[in-house]
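The values are calculated or read from the model by the stated rules, or taken from the named source; none is laboratory data. If you're wondering where the values come from, they're calculated on a predicted model, not measured in any experiment. Here Cβ is always computed from backbone atoms with ideal geometry, including for glycine, and neighbour counts include all displayed protein chains. We work out accessible area using only protein heavy atoms, side chains counted, and drop any ligands, DNA or RNA first. Shrake-Rupley method; radii C 1.70, N 1.55, O 1.52, S 1.80 Å.
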Amino acid sequence: MKPTLCFSLLFLCCMATIFGQNEPVPNPIGLKKLPAVELKTLDNKTFNTKDISNDGKPIIISFWATWCKPCVNELTTISDVYDDWKEETGVKLIAISIDDSKTSGNVSPLVNGKSWDYEVYLDINSDFRRAMNVNLVPHTFVINGNNEIVWQHTSFSQGSELQLIDIVRKVAKGQTLPAE
Amino acid sequence: MNHKHTFFFAIIICFIFSIGQGHAQGLEKLLRNSQVSGNFQFDGMYYNKDSLIGAPDVPQKVLMNAFANINYTNGPFSAGFRFENYLYALQGFDPRYKGIGIPYRYASFEKDKFTITIGNSYDQFGSGLVYRAWQDASLGYDNSLDGINIKVNPWKGITLKGVWGQQRFYFDKGPGIVRGGDAEFVINDMFKKLNDKPLRVSIGGSFVSKYQDADDPVFNLPKNVAAYGGRGSISYKGFMINGEYAHKINDPSTVNNRIYKSGNATLLQLTYAQKGLGLYLAAIRTDNMSFKSDRDAEGNDLNINYIPSLAKQTTYSLPSIYTYGTQPNGEFGMQAQGIYTFKKKSVLGGKYGTNISLTYSRYNAINKKQVDDDTPIDSTGTLGYKSDYFKIGKEAYYENFNFEFSKKFNKTFKLIVDYFYIMYNAKVIEGHEQPNIHSHTVVVDMTFNINEKHSLRTELQHMYAKQGEGSWAYAMVEYTIAPKWFFSVSDMYNYGNSISEKRLHYYSVATAFAIGSTRISLNYGRQRAGIFCVGGVCRYVPAANGLTLSISSSF
């Protein structure tokens, strides 16, 4: 491929971001909006990610799979404190399963069997995963009230949930996030 | 290849300019709506020769796999590409992954209920029994379809799809052409009256045909091979039943030893779930259902369809030594799973609840009979065999029983205990003469939270087996400083190997650093030779000794 063309495309995209900032837009730091992709609910309804909403309160989006131990650990750990989190910050957790047709049938039994209270969607064809550029699971995003991605983290270790709720608290209060 | 990419990017740029032509306001709006995102992954390894474990001398010393996805979106328009780099590919990946290129690029737009994608696409019809294009970088698997993909929703609840193209084959394309269509009807969404009814029904059907030229001097080979399938799903409150049946006309290929028998596959899934309880029951029967766009392709190359594996998959090191791989020529499999949580504050639940799960899965051969007295089963150029649909073959391929107990006792201590019984037919799954392996494994996984940020996790595993490589012991200690640092030390010891020189330690030291969406990890140690599987698709990983650096990031 001709590198000049590739760079011209990239240049154009950079310009897009720069130009975008000159306008008095509600989102001056160029945060990314959630992409619109179709998912399935556990009872086989179609759900479009553009309808993700929590009435202006923060949202956690967690990509996971039934075969991924750290993912299940993360969601179980959060499940223990989820009621407190909801009460304090109004946050909602949306769990996106990337299980394919091999294991997608196990999702509903696992979610219910573990008594998780999350909104769970199936991304069987990994469309949302690709649109969100998720390489590895678990991969967790924090979304602000304008459906913009304000923070993301990949991998889970015991204690990571404390950082996550810290971020959510700041987003709930409309504070700017510190640089990592 | 060069010209195609040049053309492709020219289209994107023309598109961007043509929308924004003329008035500045439009251009500004366009630019403001532009979004660029992407991800990157790098895995590089320095190899030491280690003749004890059978790690070969790697002439390049270091090998690497890397890729980056770049996506551009602007409202209904999106385009992107993946850059891939293998110089040379890591051990265990197909050596035909060699060099640098852009094997994946696409442009897509949505308008008037249509979504049209040109270039490479990933998609699946139903659960994939007749068509599934997907990718998994860790498996080195990618059968994206290069061509066109059209999706349309003519009416609420109705989705029609059409695909037409050639499959990716490493840095090239497969010789065959794949054409297909799918229709799905979600009955409840089609009729307003039924929208909120608890009983939900959907049905679907698909048709796929491949074309490959043939001029075989001996065999009269079909140039066009069709596969089609139907599916249905009914759910009522916590119950759900899913079924899919697929049929393929005669398709003599290298995989099925060039027999002229038609193929079929059936998948049935039953789910019941309510708060605190989940039950899952599934069965699959496949018969001569390998469907590839090149009749001479083998292994994981150029699959048009996908046969899901119902064998339980685990991430624990010892039980995953024996992981099932789907048998394309025929198998009969089932899985039953139950998950239950004892409620918080109950006698068995304690303060945080207690979770238990039971899983049983089993795979057998399908029943095969000679077509007539003179023709042995699977004879080239014949109908191959006859199969009684409801009769299960005698030969067992795989069996897995797993019990898991998991409980958080208090703020500082969490325990998971697992037991696995696995029967593994190495002769069928790996293709070498060996008696069936019966293994019993116990895993104790403990997490201690030292304080809010520091935690220690240990895994102790023991596998007892008389056959195969015999018994193993495994210990791992992991220390994490949340959310950024991770350190681990582990050793896998094959103390029960019947050959005393093979009673080896596979030690490993690892560290990782995660910041935001970037993760960097370093690993030094020995990797045992074995089969690495995801979703029933497997690749063989040779023994290795060395230092691995991995970087993963997205923006």
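Does B:Ile429 satisfy the criteria of being at pLDDT below 95 and buried (at least 17 other Cβ atoms within 10 Å of the Cβ)? Yes; evaluated as a whole, the condition is true for this residue.
For B:Phe487, state whether it is aromatic (Phe, Trp, Tyr) and in contact with a Lys or Arg (Cβ under 9 Å, 6 or more places away or on another chain). Step through it out loud before you land on a result.
On the way: aromatic (Phe, Trp, Tyr): yes; in contact with a Lys or Arg (Cβ under 9 Å, 6 or more places away or on another chain): no.
It is false that B:Phe487 is aromatic (Phe, Trp, Tyr) and in contact with a Lys or Arg (Cβ under 9 Å, 6 or more places away or on another chain).
So, B:Ser233, is that one facing chain A (nearest Cβ under 8 Å) and either open to solvent by less than 20 Å² (accessible area, probe 1.4 Å) or out of contact with any Ser or Thr (no Cβ under 7 Å at 6 or more places or on another chain) (or both) or not? Taking the combined requirement at face value, the residue satisfies it. Residues that are over 29 Å from A:Glu161 (Cα atoms) and acidic (Asp, Glu) do not occur anywhere in the stretch B:473-484.
Name every residue in the stretch A:44-56 that is open to solvent by 50 Å² or more (accessible area, probe 1.4 Å), at negative phi and more than 10 Å from every other protein chain (Cβ to nearest Cβ), in order of residue number. Steps first, please.
Applying the first criterion (open to solvent by 50 Å² or more (accessible area, probe 1.4 Å)) to the stretch A:44-56 yields A:45-46, A:50-51, A:53, A:55-56.
Checking which are at negative phi leaves us with A:45-46, A:50-51, A:53.
If the condition is that a residue be open to solvent by 50 Å² or more (accessible area, probe 1.4 Å), at negative phi and more than 10 Å from every other protein chain (Cβ to nearest Cβ), then A:Lys50, A:Asp51, A:Ser53 are the ones that fit.
One residue stands out among those in the stretch A:121-147 that are open to solvent by 10 Å² or more (accessible area, probe 1.4 Å) and assigned to a strand (DSSP E or B): the one that is nearest to the other protein chains (Cβ to nearest Cβ), which is A:Leu122. Examine the stretch B:398-411 for a residue that is more than 13 Å from chain A (Cβ to nearest Cβ), within 25 Å of the chain's Cα centre (by Cα) and farther than 22 Å from A:Gly113 by Cβ, and state whether such a residue exists. Yes, because at least one residue in the stretch B:398-411 is more than 13 Å from chain A (Cβ to nearest Cβ), within 25 Å of the chain's Cα centre (by Cα) and farther than 22 Å from A:Gly113 by Cβ.
Output yes when any residue across the stretch B:142-163 is out of contact with any helix residue (DSSP H, G or I) (no Cβ under 7 Å at 6 or more places or on another chain), of a type in the set (Ser, Thr, Tyr), at the interface with another protein chain (Cβ under 10 Å from one of its Cβ atoms) and under 22 Å from A:Thr103 (Cα atoms), and no when none is. There is no residue in the stretch B:142-163 that is out of contact with any helix residue (DSSP H, G or I) (no Cβ under 7 Å at 6 or more places or on another chain), of a type in the set (Ser, Thr, Tyr), at the interface with another protein chain (Cβ under 10 Å from one of its Cβ atoms) and under 22 Å from A:Thr103 (Cα atoms).
Does the stretch A:136-145 include one or more residues that are at pLDDT below 90 and among the hydrophobic types (A, V, I, L, M, F, W, C)? For the stretch A:136-145, residues at pLDDT below 90 and among the hydrophobic types (A, V, I, L, M, F, W, C): present.
In the condition set (1) open to solvent by 70 Å² or more (accessible area, probe 1.4 Å); (2) touching a strand residue (DSSP E or B) at 6+ places or on another chain (Cβ under 8 Å); (3) more than 14 Å from chain A (Cβ to nearest Cβ), B:Lys453 is compliant with all but (3). Please determine whether any residue of the stretch B:326-339 is within 30 Å of B:Asn410 (Cα to Cα), open to solvent by 20 Å² or more (accessible area, probe 1.4 Å) and of a type in the set (Ser, Thr, Tyr). No, that holds for no residue. Need at least 1 residues that are polar (S, T, N, Q) and touching a residue at least 60 places away in the same chain (Cβ under 8 Å) per element, so show me which strands (runs of 3 or more DSSP E) inside the stretch A:44-102 make the cut, counting only ones lying wholly within it. Because the criterion is at least 1 residues that are polar (S, T, N, Q) and touching a residue at least 60 places away in the same chain (Cβ under 8 Å), the strands (runs of 3 or more DSSP E) in the stretch A:44-102 that meet it are A:59-64. Consider B:Glu501 against the criteria (1) away from every other protein chain (no Cβ under 14 Å); (2) surrounded by 15 or more Cβ atoms within 10 Å (Cβ to Cβ): it satisfies all of them except one. Which criterion is unmet? The single condition B:Glu501 does not satisfy is (2). Is it true that some residue in the stretch B:408-416 is farther than 30 Å from B:Thr315 by Cβ and of a type in the set (Phe, Trp, Tyr)? No, there is no match, as no residue in the stretch B:408-416 is farther than 30 Å from B:Thr315 by Cβ and of a type in the set (Phe, Trp, Tyr).
Among the residues making up the stretch B:381-391, those that are assigned to a loop (DSSP other than H, G, I, E, B) and either open to solvent by 20 Å² or more (accessible area, probe 1.4 Å) or of a type in the set (Asp, Glu) (or both) are B:Gly381, B:Thr382, B:Leu383, B:Ser387, B:Asp388, B:Tyr389, B:Phe390, B:Lys391.
For the stretch B:273-287, give me each residue that is open to solvent by 10 Å² or more (accessible area, probe 1.4 Å) and not in a strand (DSSP E or B). Across the stretch B:273-287, the qualifying residue is only B:Lys275.
Here B:His440 clears all of (1) away from chain A (no Cβ under 14 Å); (2) without any contact (Cβ under 8 Å) to a residue 60 or more places away in the chain; (3) open to solvent by less than 40 Å² (accessible area, probe 1.4 Å); (4) assigned to a strand (DSSP E or B) except the condition numbered (3). When residues in the stretch B:347-366 are screened for being more than 11 Å from every other protein chain (Cβ to nearest Cβ) and open to solvent by 90 Å² or more (accessible area, probe 1.4 Å), 2 of them pass.
In the stretch B:316-346, the residue that is farthest from the other protein chains (Cβ to nearest Cβ) out of those that are part of a loop (DSSP other than H, G, I, E, B) and in contact with a strand residue (DSSP E or B) (Cβ under 6 Å, 6 or more places away or on another chain) is B:Tyr322.
Yes/no per residue for (1) buried (at least 16 other Cβ atoms within 10 Å of the Cβ); (2) at pLDDT 85 or above:
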site	(1), (2)
A:Met15	no, no
A:Glu23	no, no
A:Leu42	yes, yes
A:Pro58	yes, yes
A:Trp64	yes, yes
A:Val81	no, yes
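Taking the stretch B:392-417 as the range and being over 29 Å from B:Met446 (Cβ atoms), in contact with a Phe, Trp or Tyr (Cβ under 9 Å, 6 or more places away or on another chain) and open to solvent by 30 Å² or more (accessible area, probe 1.4 Å) as the test, only B:Ile392 passes.
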